[in-house]
Amino acid sequence: MIDDQATCKPKGEPKFAGNGAEFRRTPLLAILTMEAVGHTMLRTLFIIALTFVVTTRSSAQGTDANPIYVDQGMDWTAAARADFYSRDQGSRLIALSWMQALKQKNGQPFLADGLSRYGYLPNPANTANLPVGFHASGPQDFQVVGMTCSACHTRQIEVDGKVYRVDGGPGLVDFYALLGDLDKAVGDVIASDSSFAPFAAAVLRSTTPDAADVADLRRQVDGWYLRFHTLMVRALPKSGWGVGRLDAVGMIFNRISGLDIGPPPDFMIPENMKNADAPVRYPFLWNSPRQDKTQWPGFAKNGNDILGLARNVGEVLGVFATFEPKRQGAIINFLDNNSTNFDGLSELENLVSGSALRNGPGRLTLLWPPGAK
Ligand code: HEC
C-alpha cells in the first residue's frame, strides 16, 4: 500500500479552523516545507495544503465557471475532462422534469443556481444547468438526473483571487443538505392537491393538464417519494455529515439491504436501513490505481479491472441506480431492471486510472505561482 495516501487521509478533519487569511498562508508554509523534505512527505504535505487552501465561503468552492485547470498530465485533455464531468454511470436520482419543477424553500426553482449552494461546480457544457458530475440521461422529455464520479471527486480552490480546478480532488460539497432538501421539496409538493397542481402543470407543460395525467404523475411521485423519504428518514443522521463528507459505505449498505431486496411492490425492508453516521472525507483519486486496498477502512481489495468495477457498482447503487434483483428458481437475476451502466463505469475507471490523474500530484505543485503568499 502506498502509505502517503494512507497518511494523508485522516478520519477526522484536522484542526485548522481560522479565518481566510490563515487559510491563505498555508500554501506558502507547505511550499517552504516541501523544499526540505523527501518526496513522499512532500506529496502528503501538498495534499494537506490542497485541502485547506480554500476560502471560508461555507460550502462554496468558488462559483467561477471558467477556472484555471491545473496541469494534470498530458493525457488529461479537455475531452477527457468533459467525459469525466458528465459520463452516465447508470445513476438514476430523479426525473429531470420533476427536478426542474421543484422549488427551494425561498420559492426559487430548485435548480436556479445549478446546485452551487451545495458547493457543486458549474458545468457550462450542461444544457440543463446541472453542475459538474450530474447528468441527464434517457430519451428527450423522459430524462432522469443521475450523479457521476466527478460530482464528489472534483475540487476547486481559490488562491489570491484566482480559481483553480483540480480534477480527481476531494469535492467540497454538501450532499447531506442536497438529499435533505430534495426530500423536503418533493414532500412539500405532495402535501396537498393544491401544492401538487403547479408542480403537475410544470411537469406536464400545460396550465390545464388532463386529470388522468395528473393522477398518473401523482402515483409516480408518491412511489418515488415513499422509497426516497423512507431512506432519508432512517439513514440521514440528525447532526449532518458536514461539507466535504459523506457516509458512502453506510448509504450503500442501506440502499442494498433496505431498498432493493424486499417484497414487491416497493421492494423495501425499512428496518434494515440504519443511521449512516460515519461520514468520511471524499478521497482524492490519483493514487487509487496504485493502492493495494481502497476505501478508508481499507476493506476493498484493489489491483484489477474487476475489483475496480465491483467498487464502482457499489458506488452507483449508492447514488440511486435502479436495481431490482429477482429470484428466478434457483438463481437470482441481478441484471434485469438494473440501470448500472457497465460501459460507462469502465470508461470512468479508465479515465481515473489512466496515467493522467495518476501523474497529478507531481504536476500540481505548479498550482501556486512563484511569489504566492
Ligand atoms: C456521492 C459521492 C461519490 C460519487 C458519485 C463517487 N464517489 Fe468515489 N468515493 C466517495 C466517498 C465518500 C469515498 C470514500 C468512502 C469510504 O472509504 O468510506 C469514495 C471512495 C472512492 C475510491 C477509493 C479511494 C481510496 O483512496 O480509497 C475510489 C477509487 C473512488 N471513490 C472512485 C470513484 C469513481 C470511479 C466513481 C464513479 C464511477 C465514484 N468514485 C463516484 C464518494 C463518491
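The values are calculated or read from the model by the stated rules, or taken from the named source; none is laboratory data. Small disclaimer: the values here were computed from a predicted structure and weren't measured. Heads up, the Cβs are rebuilt from the backbone with ideal geometry, glycines too, and the neighbour counts pull from every protein chain shown.
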From (1) within 17 Å of the chain's Cα centre (by Cα); (2) free of Cβ contacts under 8 Å to residues at least 24 places away in the same chain, pick out the condition that doesn't hold for GLY107. (1)
Is it the case that ASP183 is away from the ligand (no atom under 13 Å from the Cβ), of a type outside the set (Gly, Ala, Ser), under 26 Å from the mean Cα position of the chain (by Cα) and modelled with pLDDT of 95 or more? yes
Can you confirm whether the stretch 118-135 contains a residue that is under 24 Å from ALA278 (Cβ atoms), aliphatic (A, V, I, L, M) and either out of contact with any His (no Cβ under 7 Å at 6 or more places or on another chain) or modelled with pLDDT of 95 or more (or both)? no
Can you find, within the stretch 288-308, the residue that is nearest to the ligand (Cβ to nearest atom) among those that are modelled with pLDDT of 80 or more and either aromatic (Phe, Trp, Tyr) or not in a loop (DSSP other than H, G, I, E, B) (or both)? TRP296
Does ARG363 satisfy being more than 8 Å from the ligand (Cβ to nearest atom) and at pLDDT 70 or above? no
When every residue in the stretch 252-287 that is modelled with pLDDT of 90 or more, within 16 Å of the ligand (Cβ to nearest atom) and hydrophobic (A, V, I, L, M, F, W, C) is compared, the one nearest to HIS153 (Cα to Cα) is VAL280
For the stretch 251-266, state whether one or more residues are surrounded by 16 or more Cβ atoms within 10 Å (Cβ to Cβ), under 22 Å from GLN108 (Cα atoms) and among the aromatic types (Phe, Trp, Tyr). no
What residue, of ASP174, ASP160, ASP141, ASP113, is under 15 Å from the mean Cα position of the chain (by Cα) and either more than 21 Å from ASP247 (Cα to Cα) or buried (at least 19 other Cβ atoms within 10 Å of the Cβ) (or both)? ASP174
Within the stretch 177-222, which residues are surrounded by 14 or more Cβ atoms within 10 Å (Cβ to Cβ), assigned to a loop (DSSP other than H, G, I, E, B) and not hydrophobic (A, V, I, L, M, F, W, C)? PRO209
Number of positions in the stretch 321-350 that are under 18 Å from ALA82 (Cα atoms) and small (Gly, Ala, Ser): 2
